[in-house]
Amino acid sequence: MVIACPLAIAQASSQKVLTVTFPYQLSQDINHEDYYFSQLLRLALDKTVAQEGPWTYRSHSYWMRDKRLRIGLTRGFVDVIWSPASDDFEQQLLAIKVPLLKGLSQYRLLLIHEDDQTRFDKIDSLEQLAALTGGMGSQWPDVSVMEVNGLKLLTVPGYGRLFKMLAARRFDYFSRGIYQIQSEVDFYPSLPLAIEKHLLLKQPGAYYFYVTKENHALADRIERGLKLAHKDGSFDELFSSIPRYRWAYHELERRGRTLLELKTP
């Protein structure tokens, strides 16, 4: 019979539990934008329990996006966010530089009106694409990338309204991450939208977790957890479980598209 040491029991019971506040998640659907990132963050924190101690999850009480979400992080409403890499973000926040989407974050496909494919079939350069107008959220990091490459944009606040504006031909195309576009088309089946078949855009970049500049302890823990998950294969297992990521890799392997490379600011 093994009798636990009273001192060990007291130490275990008094061990501090780290509380991490996540951004509010709109959906638990596996193809929703936030599902994978929240699951990956949980995985990273779980991987470090043996070294760092227990942790618990808390969700912020309401949904925030883009600039409001970054402000929410700096004001302590949430402890960590996930976002495309940005020089501006790194001046304000602390990036945990383990890429979350592997190479997928570098590639973009175009969402277009379903009747407009022939307009894009003859485009083989950025100069030709610049004759058309893209749509984009006004606070997105990609705005500066598109502009520095001479591409015309109509920018508006928000996200969902851009799909309806494209369907109404307010602009000609909507550049989307290759890992995003397939599920987005499926989400708007009533709109006359289609994935453009000829072009593939590529730009340097990654997707990272961010914390505040002062929160080095959380950043270090998340980074160690991500590296442990890479090492034991659980990172790849989670990544491969996401249907739209598998679709994106299949689309890259299919080849046949004209690659247009974008420079960054």
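Details
- Cα→Cβ-extended label distance, 7 Å offset, between Ser190 and Ala50, nm: 5.2
- Charge tally around Ser144: other residues with Cβ under 15 Å, Lys/Arg +1 each, Asp/Glu -1 each, net -2.
- Here's how it looks for His60: its modeled amide H is under 5 Å from those of Phe22, Tyr24, which are all 5 or more places away or on a different chain.
- Multiplying the residue separation of Arg170 and Arg68 by 0.36 nm and removing their Cα-Cα distance gives an extension gain of 34.1 nm.
- Rounded to the nearest 500, the helix-only mean residue ellipticity at 222 nm of the chain stands at -11500 deg cm²/dmol, with each DSSP H run of n ≥ 4 adding -39,500 (n - 2.57).
- Once the Cα atoms are used to define both axes, helix 216-232 deviates from the longest principal axis of the chain by about 80 degrees.
- A full extension of the chain between Asp115 and Ser240 corresponds to an added length of 41.7 nm, given 0.36 nm per residue minus the alpha carbon distance.
- The residues of the chain have, on average, 51 Å² of accessible surface per residue, using a 1.4 Å probe with all protein chains present.
- The 3J(HN,Hα) values that the Karplus relation (6.51, -1.76, 1.60; θ = phi - 60°) gives for segment 83-89 are, in residue order, 6, x, 4, 7, 4, 4, 4 Hz. Gly and Pro appear as x.
- Rounded to the nearest 0.05, the FRET efficiency derived from the C-beta distance between Lys197 and Gln25 at R0 = 30 Å is 0.35.
- When Cα Rg over 2.2 N^0.38 Å is computed from the coordinates, the matching label among (1) 0.96; (2) 1.15; (3) 1.06 is (2).
- Whole-number D in µm² s⁻¹ for segment 141-251, Kirkwood Cα-pair radius fed into Stokes-Einstein, 4 °C, 1.567 mPa s: 76
- Whole-Å distance, taken between Cα centres, linking segment 142-209 and segment 41-107: 23
- Dipole of the chain, positive end: most advanced residue of Ile81, Ser183, Phe235 [Cβ charges, Cα centre]: Ile81
- Taking the Cα centre of the chain as origin and assigning +1 to Lys and Arg Cβ atoms and -1 to Asp and Glu Cβ atoms, the resulting dipole is close to 300 debye.
- Of all accessible heavy-atom area on the chain, the percent that carbon and sulfur account for (1.4 Å): 51
- The chain, relative contact order in percent, only Cα pairs under 8 angstrom and at least six apart counted: 28
- With R₀ set to 30 Å, the beta-carbon distance separating Arg75 from His32 gives a calculated FRET efficiency near 0.75.
- Neighbours of Lys97, meaning other residues whose beta-carbon lies under 10 angstrom from its beta-carbon, give a summed charge of -2 when Lys and Arg score +1 and Asp and Glu score -1.
- Hits among lysines - C-alpha to C-alpha of Lys122 under 27 Å, sequence gap 8 or more where chains match: Lys152, Lys164, Lys197, Lys202, Lys263
- Relative contact order for segment 56-206, counting Cα pairs under 8 Å that sit 6 or more residues apart, in percent: 34
- Trypsin sites (Lys or Arg not before Pro) restricted to segment 8-105 and DSSP loop, no more than 10 other C-beta within 10 Å: Lys16, Arg75
- GNM top mover of Phe174, Phe209, Phe120 - the chain, alpha-carbon springs below 10 Å: Phe120
- Rounded to the nearest 10 degrees, the angle from helix 243-254 to the longest Cα principal axis of the chain is 50 degrees.
- Arg119 sits among other residues whose Cβ lies under 10 Å from its own Cβ, and their net charge, with Lys and Arg +1 and Asp and Glu -1, is -4.
The values are calculated or read from the model by the stated rules, or taken from the named source; none is laboratory data. Treat the numbers as computed from the prediction; the structure is a model and nothing was measured. Positions of Cβ are backbone-derived with ideal geometry, glycine not excepted, and every protein chain shown enters the neighbour counts. Just the protein is used for accessible areas: all its heavy atoms, side chains included, with ligands, DNA and RNA removed. Shrake-Rupley method; radii C 1.70, N 1.55, O 1.52, S 1.80 Å.
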